[in-house]
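A.B. asks: This is the structure, below, for whatever I ask next.
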Amino acid sequence: MAIDSSKKTIFAAMGSNLAIAITKFIAASITGSSAMISEGIHSIVDTSDQLLLLLGIIRSQKPADDSHPFGYGQELYFWTFIVAILIFAIGGGMSIYEGIIHLINPSPLEDPMWNYIVLGLAILLEGYSWTVALKEFLPTKGKQNFWQAIKNSKDPTVITILFEDTAAILGLIVALIGIFLGHLFNNVYFDGSASIIIGIILAIVAVVLAR
């Protein structure tokens, strides 16, 4: 039952992130927003991470054999660690790089309407995925505080997706603020700065997950 719940959480997150990634890149191509490019990269990384988590679940269910007499249960933790590395190296690194490039060579401001539409839609979809993950996590919490429950959790997939979705929502809010302030003050540097902040958020989440 726990495995089925984990798969449900993964599929909900994967579907949301894939749809979000496509719309973000479309909006980025129209507006040239660095923050939107970073958010697109973020969603692609999240989708890839969820595929790896699914692979981890499948491999962890393999029966014990001569080389693994105690089974393959630890495979799930290995793939969760790989996910953390990907978030840090690709998601965080590329977002920070994109932001720095945009600060050095800023693009002219374009009509932000598409960015606002896509970011609004993305917040709704990420919010749905986050809610699914939270509903799977809360029954395991009991009387523990939030951090104790995370530390003692036996299901790293739900925890990983919960953190990924939290980072995604924070990143979307940062992108929204960066784009809004950029147009409000007619300053192209807000967009690049937002991209760097998104990268830092991803790096922090990756470090927490790796621990």
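A.B. asks: Give the Cα extents of the stretch 2-210 along the principal axes, in whole Å, largest first.
C.D. replies: 62, 34, 27
A.B. asks: Given a 10 angstrom Cα cut-off, can you work out which residue in E110, E126, E39 is the most mobile in a GNM of the chain?
C.D. replies: With Cα springs under 10 Å in the chain, the top fluctuation among E110, E126, E39 is at E110.
A.B. asks: For L181 and N105, FRET efficiency with R0 = 22 Å and r from the beta-carbon atoms, rounded to 0.05?
C.D. replies: That gives a FRET efficiency of 0.65.
A.B. asks: A further question on this structure: Note the angle between two axes, namely the Cα long axis of helix 75-86 and the longest principal axis of the Cα atoms of the chain, as a number of degrees from 0 to 90, rounded to the nearest 10.
C.D. replies: 10 degrees
A.B. asks: Still on this structure, please answer the following. Counting only other residues whose beta carbon sits under 13 Å from that of T131, what net charge do I get with K and R as +1, D and E as -1?
C.D. replies: -1
A.B. asks: Name the residue farthest towards the positive end of the dipole of the chain from the options L124, P112, T157, assuming +1 on Cβ of Lys and Arg, -1 on Cβ of Asp and Glu, about the Cα centre.
C.D. replies: Highest projection toward the positive end goes to T157.
A.B. asks: With only alpha-carbon pairs counted, each pair once and no self-pairs, how large is the Kirkwood hydrodynamic radius of the stretch 103-166 in angstroms?
C.D. replies: 14.2 Å
FYI, it's all coordinate maths here, none of it is from the lab. Treat the numbers as computed from the prediction; the structure is a model and nothing was measured. FYI the Cβ positions are ideal-geometry reconstructions off the backbone, even for glycines, and counts take in every protein chain you see.
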